[in-house]
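The values are calculated or read from the model by the stated rules, or taken from the named source; none is laboratory data. Since the structure is predicted, the reported quantities are computational estimates derived from the model, not experimental observations. Neighbour counts run over all protein chains shown; Cβ positions are idealised from the backbone, glycine included.
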Amino acid sequence: MPKTYADIPYGEKPAQKLDIIVGESDKTVVYIHGGGLTGGDKKTDFPLIKELSKKGYSIVSVGYTLYPEAKFPDFINDCALALRFIVDNAEKYGYGDKISIVGGSAGAYITLMLFFDERYLSAVGLTTSDFVGFLSDSAQPTTHFNVLKERGEPTYAIRVDAAAPLYFIKEKNYGAKLFVVTYTDDMFCRKEQNEVLDKTLISYGVEHEFFLLDGGHCSGEWEDENGTVRLVPIVEKLFGNE
């Protein structure tokens, strides 16, 4: 059985904790959960994590501060701080130092903010090039709807400002792979926004891969009718395993 650790603190706030599953591989997946920035947790007992663990990957699942305790950008700062801890403590806990970040839904929004707005990683002494890759599963690449709610704006508004990953895209080599995943029956406007993200990245010449999967929101993280977790081979590809 893999060695596991629960509720490892990476900061002083109550939510700033990690769960770790140590695999045999030198590859580690950092998972940032979804839940609209208001819910969700760092559980590691769902299909995507289970299947990656079976394949020998180490998993580090990140807890972060949620609304109503959080205010933008607390949750992004939390995850940046977690990444600093994860990079620094690979030897201590025994997980691999080839690290990629996988975020689902709100976690994917955070993942994209970490990737494109360099201020967050820079504040903890990191850059995107310290990681193998970043995978966004069904993100909102505009300003997140609950950030809009915090501001008192309509949650259905489309904003591209300093709280939107799209706002920060520039023509540069980010030094890590970027995979963008969305679904044919995703949340309202989510597929279309990710298609805009894809086209914007193409316009700026940013290397990435775009995946449009059948099904509903983040469904690639769960078993389909054939018992297949469709995001697993995409994560493997992120690490260079074809």
>> Residues that are among the small types (Gly, Ala, Ser): list the helices (runs of 4 or more DSSP H) wholly contained in the range 143-242 that include at least 1 such residues.
In response: 190-204
>> Contact list please: Cβ distance under 8 Å, first residue in the range 167-185 and at positive phi and of a type outside the set (Lys, Arg), second residue crowded, with 20+ Cβ neighbours inside 10 Å and not in a strand (DSSP E or B), pairs at least six apart or on different chains.
In response: 175/128
> So which of 240, 205, 216 is more than 17 Å from the chain's Cα centre (by Cα) and closer than 23 Å to residue 45 by Cα?
Replying inline: 216
> With 149, 170 as the choices, which residue is in contact with a helix residue (DSSP H, G or I) (Cβ under 7 Å, 6 or more places away or on another chain), over 26 Å from residue 236 (Cα atoms) and not small (Gly, Ala, Ser)?
Replying inline: 170
> Can you tell me which of 209, 171, 150, 225 is farther than 16 Å from residue 112 by Cβ, surrounded by 15 or more Cβ atoms within 10 Å (Cβ to Cβ), acidic (Asp, Glu) and out of contact with any Cys (no Cβ under 8 Å at 6 or more places or on another chain)?
Replying inline: 150
> Taking only pairs six or more apart or across chains, which ones have beta-carbon atoms under 9 Å, a first residue in the range 91-108 that is free of Cβ contacts under 8 Å to residues at least 40 places away in the same chain, and a second residue that is outside any strand (DSSP E or B) and of a type outside the set (S, T, N, Q)?
Replying inline: 91/97
>> Looking at 92, 50, 42, can you tell me which residue is farther than 20 Å from residue 129 by Cβ and assigned to a loop (DSSP other than H, G, I, E, B)?
In response: 42
>> Quick check on my filter: what residues within the range 1-59 are surrounded by fewer than 17 Cβ atoms within 10 Å (Cβ to Cβ), hydroxyl-bearing (Ser, Thr, Tyr) and within 20 Å of residue 112 (Cβ to Cβ)?
In response: 38
> In the set 194, 146, which member is among the polar types (S, T, N, Q), closer than 24 Å to residue 36 by Cα, at pLDDT 95 or above and in contact with a Gly (Cβ under 6 Å, 6 or more places away or on another chain)?
Replying inline: 146
>> Residue under question is residue 46, and the condition is that it be within 18 Å of residue 221 (Cβ to Cβ), aromatic (Phe, Trp, Tyr) and touching a residue at least 24 places away in the same chain (Cβ under 8 Å); does it hold?
In response: yes
>> Out of 61, 25, I need the residue that is in a strand (DSSP E or B) and either modelled with pLDDT under 95 or within 22 Å of residue 130 (Cβ to Cβ) (or both). Which one?
In response: 61
>> Only one of 112, 37, 66 is more than 29 Å from residue 1 (Cα to Cα), part of a helix (DSSP H, G or I) and at pLDDT 95 or above. Can you tell me which?
In response: 112
> Could you list, in sequence order, the residues of the range 62-79 that are among the small types (Gly, Ala, Ser) and surrounded by fewer than 24 Cβ atoms within 10 Å (Cβ to Cβ)?
Replying inline: 70
>> When you check residue 82 against the structure, is it buried (at least 20 other Cβ atoms within 10 Å of the Cβ), free of Cβ contacts under 8 Å to residues at least 60 places away in the same chain and not hydroxyl-bearing (Ser, Thr, Tyr), yes or no?
In response: no
> Given the conditions (1) in contact with a Gly (Cβ under 6 Å, 6 or more places away or on another chain); (2) surrounded by fewer than 24 Cβ atoms within 10 Å (Cβ to Cβ), and given that residue 124 satisfies all but one, which numbered condition is not satisfied?
Replying inline: (1)
